[in-house]
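Below: the structure, in structure tokens.
The values are calculated or read from the model by the stated rules, or taken from the named source; none is laboratory data. Just so it is clear, the model here is predicted, and its values are computed rather than measured. Note that each Cβ is placed from the backbone with ideal geometry, even for glycine, and that neighbours are counted across all protein chains shown.
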Amino acid sequence: MTTSPLAAPAPARAIPRRAVASWVLYDLANTIFSMGVVSLYFSLWVREQVGAERADAVYGVVTAISMGIIFVISPLLGAMTDRAARRMPFLIWSTVLCVLLTALIGRGGYLFTMVAFVLANATYQAGLQFYDALLIEVSTPENRGRISGLGVAIGYLGSYFAVAIGLIFGTDDKPFLFTAIAGAFLLCALPCFVFVKERGNPNPRPVFGWRVVRESTAETLATLRDGGRYPGLLRFLVGRVFYTDAINTVISIMTLYTVNVAIASGLEQKAGEGKAQLIMLAAISAAVAGGFAWGWLVDRIGPKRTLSMVLWLWVITFGCAAAIGLFTLPVDSLFVIGALAGIGMGGIWAADRPYMLRLTPPDRIGEFCGLYGMVGRFSAITGPLIWAIVAKLTIERGMPAAQGQGVGILVLVVLVFISIGILAPVQDGHEPG
């Protein structure tokens, strides 16, 4: 039976504005956690516990362990959501677990807090995977870049909350800060749970059990072996390992780097922590503007060209940041670097989510978002480990902390160059609706 050329096209899918707004608000919610816990206060807690000389290495190892957990189970979780009737329950449970664990950080001994952080970060990362897969439910191919960029821009406003908590209440009572962050995360996440409605899976299958684990793992391995069926997918994923390696690492050590540069410039540690918070605010402000701008550009010129421009911006940013530590430049120079990094962070997340969806079959979004997340977690394992190795070879052998970290940032520049080379042949593909 042939279709008449005069047949009316399928009506456009109506997406309520409150669904879009609620999805975007979840980006703000999880950014409160990532900025407040991962980028700011937990690294300072570690520094207080083990000292400045060991802080980089210890923090790098504990972060790598956390990411290692989610790296192993990420593809399985993605495949499970493809089988499930809906993805939202996965997002709800991962968020609630993260909130509970975050509230426990700092309220026990050293080992207890380390375990709480490891598990809280792992559940946060799992939630990101489920959240990214829901982008397709609140956007169309024509506006996906703008919605993704809007999420990035509004999401970074959550960083203001995290920084403001420390500025208002001080950074001495870190268990209180972690509990406040947990409460803010949950409060801002609730609208997404209520108002984002999924089209649902028309053919749900069993989600739990050893048979499901075996089948899902086999499907993922088959995808990796036969990447030619999805042009550019594996190359994109490998390239993503390298640039997220560099960017996730610099996000996690930005506070420590600022404090060390401040001390090298003659400031006390407390003044350095205050300076770090202000520089974070500059980076956040730039990231908000960058999310809007890069998201608009994605819809105009496509995610591939946009991402290429963003990566070259990161090369410049890392080069300048390394020079500040290596040549003991004034700590206020980091305000400019923070602004550049913020623009770059907004661009990365605005461009690479739509890029991934352009390479993703509609019926395997969960699995492919799992692979997308898996390489991000792999980079979050290797990045901190590379940073820890550089710290041991420089700082722990007597090099001033700021200069040793400057050497580490030069290593990150190399990683971005590698990613640019890997991604060069990858083109935009057909994007699912």
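Looking at region 94-116 only, could you name the residues that are modelled with pLDDT under 95, under 19 Å from the mean Cα position of the chain (by Cα) and surrounded by fewer than 20 Cβ atoms within 10 Å (Cβ to Cβ)?
none
Can you tell me how many residues in region 165-197 are modelled with pLDDT under 90 and either among the basic types (Lys, Arg) or closer than 14 Å to residue 32 by Cα (or both)?
Number satisfying all stated conditions: 4.
Name the residues in region 117-156 that are in contact with a Leu (Cβ under 8 Å, 6 or more places away or on another chain), free of Cβ contacts under 8 Å to residues at least 60 places away in the same chain and either over 24 Å from residue 62 (Cα atoms) or surrounded by fewer than 21 Cβ atoms within 10 Å (Cβ to Cβ) (or both), would you?
The one that is in contact with a Leu (Cβ under 8 Å, 6 or more places away or on another chain), free of Cβ contacts under 8 Å to residues at least 60 places away in the same chain and either over 24 Å from residue 62 (Cα atoms) or surrounded by fewer than 21 Cβ atoms within 10 Å (Cβ to Cβ) (or both): 119.
Please determine whether any residue of region 356-377 is modelled with pLDDT of 85 or more and either of a type in the set (A, V, I, L, M, F, W, C) or part of a helix (DSSP H, G or I) (or both).
No.
Restricting the first residue to region 308-320 and requiring it to be among the hydroxyl-bearing types (Ser, Thr, Tyr), which pairs with a second residue that is in a helix (DSSP H, G or I) and buried (at least 17 other Cβ atoms within 10 Å of the Cβ) meet a Cβ separation below 8 Å and a spacing of at least six or different chains?
From region 308-320, the pairs are 308/420; 308/423; 317/337; 317/340; 317/341; 317/344.
Please verify whether residue 31 is modelled with pLDDT of 80 or more, assigned to a helix (DSSP H, G or I) and hydroxyl-bearing (Ser, Thr, Tyr), treating the condition exactly as stated.
When the stated conditions are applied, residue 31 passes them.
Step by step: first the residues of region 124-180, then only those that are under 19 Å from residue 15 (Cα atoms) and small (Gly, Ala, Ser), then the one that is farthest from the chain's Cα centre (by Cα). Which residue is that?
Checking each candidate, the answer is 139.
Among 237, 267, which is outside any helix (DSSP H, G or I) and either over 23 Å from residue 161 (Cα atoms) or touching a His at 6+ places or on another chain (Cβ under 7 Å) (or both)? Show your work before the answer.
Numbers: 237 fails: outside any helix (DSSP H, G or I).
Sole residue among the options that is outside any helix (DSSP H, G or I) and either over 23 Å from residue 161 (Cα atoms) or touching a His at 6+ places or on another chain (Cβ under 7 Å) (or both): 267.
Say whether the condition of being of a type outside the set (Phe, Trp, Tyr) and outside any helix (DSSP H, G or I) is met by at least one residue in region 37-51.
yes
With surrounded by fewer than 23 Cβ atoms within 10 Å (Cβ to Cβ), aliphatic (A, V, I, L, M) and not in a helix (DSSP H, G or I) as the only criterion, which of 64, 57, 85 stands out?
After ruling out the rest, the residue left standing is 85.
Identify the residue in region 389-415 that is in contact with a Phe, Trp or Tyr (Cβ under 9 Å, 6 or more places away or on another chain) and crowded, with 21+ Cβ neighbours inside 10 Å and, among all such residues, is farthest from residue 258 (Cα to Cα).
415
Evaluate region 81-92: report whether one residue or more is more than 17 Å from residue 181 (Cβ to Cβ), more than 20 Å from the chain's Cα centre (by Cα) and free of Cβ contacts under 8 Å to residues at least 24 places away in the same chain.
Yes, that holds for at least one residue.
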